[in-house]
Amino acid sequence: MNIVIKYYLTCIFLCGISLTDALSQEGELSKANRLFDSQQYFEAAIEYERIAFNSSDAEMIARAKYGKALSHRYQNKFSKALHELNGVFLPTLNNPLRSKILYEKALNHYLLDQEQEALWELNKIKNSHPHTRKVIPLKILSLNKARKFDKAYKTLITFLQEEADNDQKMMSLATDIQALYSKDNLPKAYKEQVARDWSRFIPGAGQIYSKHPGEGMISLLLNGALIIFGIHQIWNAYYFTGYMAGFGVMYKTYTGGMTNAANLAKTQTHNEMVTFNQQVISIIQEIN
Amino acid sequence: MNRMLLFTIMLVPMWGFSQETDLRFIDHLVKTDAFEEAVFLIDKSVIPENDTARRDSLLFLKGWSLYRLKQLRPSAKALQKVSESAPFYPKSHYFAAYNLTYTSHYKEAKTVLSNVKKYHKDLYHFQKAGLSLLQKDYEDFNTHLQKADTSFYAISKEAASLYSYAKTLREHRPKSPALAAVMSAVLPGSGKWYAGKKGQAITTFMTVAGFGLVTFENYNKRGIKDFRTMLFGALFAAFYSGNIIGSVSATKIAEQEFEHEYRNKILFDLHIPLRNIFN
């Protein structure tokens with residue numbers, strides 16, 4: 001074979017190898033990022049996985065897994081996102097990427113209503129890192145969800161002191177925070193068993209306890225009417241009518257009312273926490 | 001000209017390398033249970049007609065992913081296209097046949113099974129026997145199961161189960177909806193008892209009897225023209241007729257449940273040997 005052809009072949013082969021390698025690393029990462037930026041999260045997740053598959057560099061794999069987890073989160077697949085992030089070996093990673101991954105893990109835990117796990121991941125992030133600015137708000141929201149209001153309040157005040165750009169704004173927001181975290185304003189935890197027991201003794205009382213007085217009154221009136229009807233019928237010697245149409249129907253409304261009260265307690269607890277955290281988010285946005 | 005030719009020659013292996021990498025990546029996706037992603041990539045890639053090995057691999061991976069995603073009909077379609085030269089041809093076709101059986105395309109399933117008759121003969125006869133049992137062709141079922149070596153570890157337990165299902169199915173006498181209706185007309189709830197729904201039978205009896213007594217009580221004390229007698233009478237009539245109609249439905253539902261239960265049992269036992277042999 002001609003020496004020139006051999007030379008060309010060798011050059012092209014080496015170029016091909018290095019080009020393929022480069023494409024599979026930074027090139028593909030930018031392709032995946034492009035897909036992510038254009039909101040094609042499903043396709044982006046595949047491209048990130050491809051990078052992780054083709055790469056042998058631990059940091060590149062971690063970056064790809066992080067991108068994949070973000071793509072999953074944007075598709076509301078929080079468990080899948082966590083699964084990806086749990087597969088990343090953190091000890092060998094440099095700090096910015098390590099913190100980002102820990103934050104992402106915490107965020108997915110928070111979105112899955114696993115606030116204790118979220119706090120656990122957040123505590124692993126070093127406070128000195130600039131990523132802290134993003135970490136503290138999530139920590140406050142997680143602390144609220146975990147009903148550790150004192151700690152959340154202190155963290156929010158510290159965050160305000162560190163981040164507020166002028167004293168007037170700081171004073172005004174501090175007053176808002178104090179009012180928000182006042183005892184009367186804190187979201188309450190309505191216990192399902194307590195609501196059920198209230199309705200067991202007084203039909204409708206469980207609904208009133210769960211902050212649904214309208215439903216409570218309807219339940220009370222309905223059960224009361226059925227009891228009176230049942231007693232009235234039996235009093236007048238209509239035993240079967242009293243038993244069937246009075247107490248028979250009342251049994252259903254009475255037991256249904258207890259279940260309803262328990263469900264309302266659960267929903268109300270969740271709704272109050274969502275509203276409270278929404279108010280906290282508004283304050284954090286004002287601080288920023 | 002020579003340089004152009006040289007460049008083209010160099011591109012061919014690079015293209016091949018890229019395709020190979022792609023196939024490896026799809027295989028990796030399948031192995032990590034990312035089936036939706038695998039199907040997405042396969043659908044995006046061109047399935048070559050001339051490169052049989054690559055074509056077969058892509059079709060198999062697509063069929064397998066769809067099977068895992070429980071999209072059985074399209075899975076069978078992809079798996080059936082795997083050519084005989086592929087090492088995973090028997091697996092593809094046996095699973096295609098199973099998918100078709102599961103989706104009640106029995107005729108097609110039989111055709112697909114006949115393509116792999118020469119591979120795993122015992123499994124072939126076992127699957128054919130199962131298909132026949134699902135169609136309640138007991139003669140064909142016996143013929144095929146007798147041809148299979150039922151002492152073969154992969155099918156021995158399941159073959160015994162199929163024999164027992166066949167016995168139950170053969171001896172099963174369907175419940176009569178008409179008899180259930182008559183029974184419920186005479187004694188409310190008894191039709192449901194006959195259909196095997198004992199809990200429902202007791203509830204029905206209590207409700208109809210309760211409204212009957214309430215109606216009788218009101219009729220006895222207030223007379224037929226009183227609105228309460230009419231109201232409770234109407235309720236009694238509604239529950240009484242509902243009890244008869246309900247008994248007819250209960251027998252039909254009980255039959256469907258019986259059929260469904262045995263169909264699932266048979267399909268389950270047809271599936272286990274496939275996983276044992278091919279995984």
State all residues of the stretch B:146-169 that are open to solvent by less than 20 Å² (accessible area, probe 1.4 Å) and either among the charged types (D, E, K, R) or at pLDDT 90 or above (or both); if no residue qualifies, say none.
-> B:Glu158, B:Ala159, B:Leu162, B:Ala166, B:Leu169
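In the stretch A:243-253, what residues are more than 9 Å from chain B (Cβ to nearest Cβ) and open to solvent by less than 60 Å² (accessible area, probe 1.4 Å)?
First, pick out the residues of the stretch A:243-253 that are more than 9 Å from chain B (Cβ to nearest Cβ): A:246-247, A:249-253.
Within the stretch A:243-253, A:Gly246, A:Met250, A:Thr253 qualify.
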Which number in (1) among the small types (Gly, Ala, Ser); (2) within 13 Å of chain A (Cβ to nearest Cβ); (3) in contact with a helix residue (DSSP H, G or I) (Cβ under 6 Å, 6 or more places away or on another chain) marks the one condition that B:Ala34 misses?
-> (3)
Return only the number of the condition from (1) surrounded by 20 or more Cβ atoms within 10 Å (Cβ to Cβ); (2) more than 14 Å from every other protein chain (Cβ to nearest Cβ); (3) part of a helix (DSSP H, G or I) that A:Lys68 does not satisfy.
-> (2)
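Quick check on A:His270: is it within 14 Å of another protein chain (Cβ to nearest Cβ) and either modelled with pLDDT of 95 or more or open to solvent by 30 Å² or more (accessible area, probe 1.4 Å) (or both)?
On the way: within 14 Å of another protein chain (Cβ to nearest Cβ): no; either modelled with pLDDT of 95 or more or open to solvent by 30 Å² or more (accessible area, probe 1.4 Å) (or both): yes.
Spelling it out, it is not the case that A:His270 is within 14 Å of another protein chain (Cβ to nearest Cβ) and either modelled with pLDDT of 95 or more or open to solvent by 30 Å² or more (accessible area, probe 1.4 Å) (or both).
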Any hit, the stretch B:200-210, residues being within 25 Å of the chain's Cα centre (by Cα), of a type outside the set (A, V, I, L, M) and surrounded by fewer than 18 Cβ atoms within 10 Å (Cβ to Cβ) = no
Quick one: is A:Ala195 more than 20 Å from A:Lys252 (Cα to Cα), over 24 Å from the mean Cα position of the chain (by Cα) and buried (at least 16 other Cβ atoms within 10 Å of the Cβ)?
-> no
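Residue by residue, here is whether (1) surrounded by fewer than 22 Cβ atoms within 10 Å (Cβ to Cβ); (2) under 30 Å from B:Thr32 (Cα atoms) holds:
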site	(1), (2)
B:Lys62	no, yes
B:Gln80	yes, yes
B:Pro87	yes, yes
B:Leu133	no, no
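Do you know which of the residues in the stretch B:91-116 that are over 11 Å from the mean Cα position of the chain (by Cα) and touching a residue at least 40 places away in the same chain (Cβ under 8 Å) is surrounded by the fewest Cβ atoms within 10 Å (Cβ to Cβ)? Write out each step before concluding.
Taking the stretch B:91-116 and keeping what is over 11 Å from the mean Cα position of the chain (by Cα), we get B:91-97, B:106-116.
Filter once more, keeping what is touching a residue at least 40 places away in the same chain (Cβ under 8 Å): B:91, B:94-95.
Details: B:Lys91: 22, B:Tyr94: 25, B:Phe95: 26.
So, considering only residues that are over 11 Å from the mean Cα position of the chain (by Cα) and touching a residue at least 40 places away in the same chain (Cβ under 8 Å), the one surrounded by the fewest Cβ atoms within 10 Å (Cβ to Cβ) is B:Lys91.
One line per residue, one yes/no per condition, for (1) farther than 26 Å from A:Leu102 by Cα; (2) in the same structural domain as A:Leu111 (by TED's automatic domain parsing):
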| site | (1), (2) |
| --- | --- |
| A:Lys139 | no, yes |
| A:Lys151 | no, no |
| A:Thr158 | no, no |
| A:Met170 | yes, no |
| A:Gln178 | yes, no |
| A:Ser182 | yes, no |
| A:Asn185 | yes, no |
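Restrict the check to the stretch B:263-273 and report whether at least one residue is open to solvent by 40 Å² or more (accessible area, probe 1.4 Å), over 28 Å from B:Tyr138 (Cβ atoms) and aromatic (Phe, Trp, Tyr). Outline the logic, then answer.
Start the filter on the stretch B:263-273 by keeping residues that are open to solvent by 40 Å² or more (accessible area, probe 1.4 Å), which leaves B:263-265, B:268, B:271-272.
Filter once more, so that each one left must be over 28 Å from B:Tyr138 (Cβ atoms): none.
No: zero hits.
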Long-range neighbours under 7 Å by Cβ, at least six apart or interchain, first residue in contact (Cβ under 8 Å) with a residue 40 or more places away in the chain within the stretch A:232-261, second part of a loop (DSSP other than H, G, I, E, B) and among the hydroxyl-bearing types (Ser, Thr, Tyr) | A:Ala261/A:Ser210
Considering only the stretch A:111-125, state which residues are among the aliphatic types (A, V, I, L, M) and more than 17 Å from A:Arg73 (Cβ to Cβ).
-> A:Leu119, A:Ile125
Scan the stretch B:187-239 for residues that are more than 14 Å from chain A (Cβ to nearest Cβ), closer than 23 Å to B:Glu255 by Cα and in a helix (DSSP H, G or I) and jot them down.
-> B:Ser190, B:Gly191, B:Lys192, B:Trp193, B:Tyr194, B:Lys198, B:Gly199, B:Gln200, B:Ala201, B:Ile202, B:Thr204
Which members of the stretch B:223-241 meet the condition of being open to solvent by 40 Å² or more (accessible area, probe 1.4 Å) and without any contact (Cβ under 8 Å) to a residue 12 or more places away in the chain?
-> B:Ile224, B:Lys225, B:Phe227, B:Arg228, B:Met230, B:Leu231, B:Ala234, B:Ala237, B:Ala238, B:Ser241
If you go through the stretch A:210-233 one residue at a time, do you hit one that is under 19 Å from B:Glu217 (Cβ atoms), open to solvent by 80 Å² or more (accessible area, probe 1.4 Å) and within 14 Å of chain B (Cβ to nearest Cβ)?
-> yes
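The values are calculated or read from the model by the stated rules, or taken from the named source; none is laboratory data. A quick note: this is a predicted structure, and the numbers were derived from the prediction, not measured. Cβ coordinates were reconstructed from backbone atoms using ideal geometry, including for glycine residues, and neighbour counts include every protein chain displayed. Each accessible area value is taken on the protein alone, full model and side chains, heavy atoms only, with ligands, DNA and RNA left out. Shrake-Rupley method; radii C 1.70, N 1.55, O 1.52, S 1.80 Å.
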